[in-house]
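The values are calculated or read from the model by the stated rules, or taken from the named source; none is laboratory data. Please read all numbers here as calculations on a predicted model, not as lab measurements. When we count neighbours, we look across all protein chains shown, and the Cβ atoms used for this are built from the backbone with ideal geometry, even at glycine.
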């Protein structure tokens with residue numbers, strides 16, 4: 001059975017994005033704990049791009 005309805009795909013996308021955001025938050029927390037400023041800057045940029053994509057696509 002094919003479960004690729006628009007609703008199921010939207011839900012899948014939401015869960016996928018939430019997982020990415022959760023992993024990114026954890027990576028940022030680890031970088032801050034280690035004081036890795038270069039990595040913090042990269043991850044903050046990644047977070048901003050993710051937010052931009054979310055607002056652009058919605």
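Computed values, structure above
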item	result
Exclusive hit being loosely packed, with under 10 Cβ neighbours inside 10 Å and in a helix (DSSP H, G or I), set 45, 56	56
Residues of segment 1-33 satisfying the condition of being in a loop (DSSP other than H, G, I, E, B) and either touching a helix residue (DSSP H, G or I) at 6+ places or on another chain (Cβ under 6 Å) or at pLDDT below 90 (or both)	1, 2, 3, 4
Residue pairs meeting the criteria (Cβ under 8 Å; at least 6 apart or on separate chains; first in contact (Cβ under 8 Å) with a residue 40 or more places away in the chain, in segment 33-50; second part of a helix (DSSP H, G or I))	none
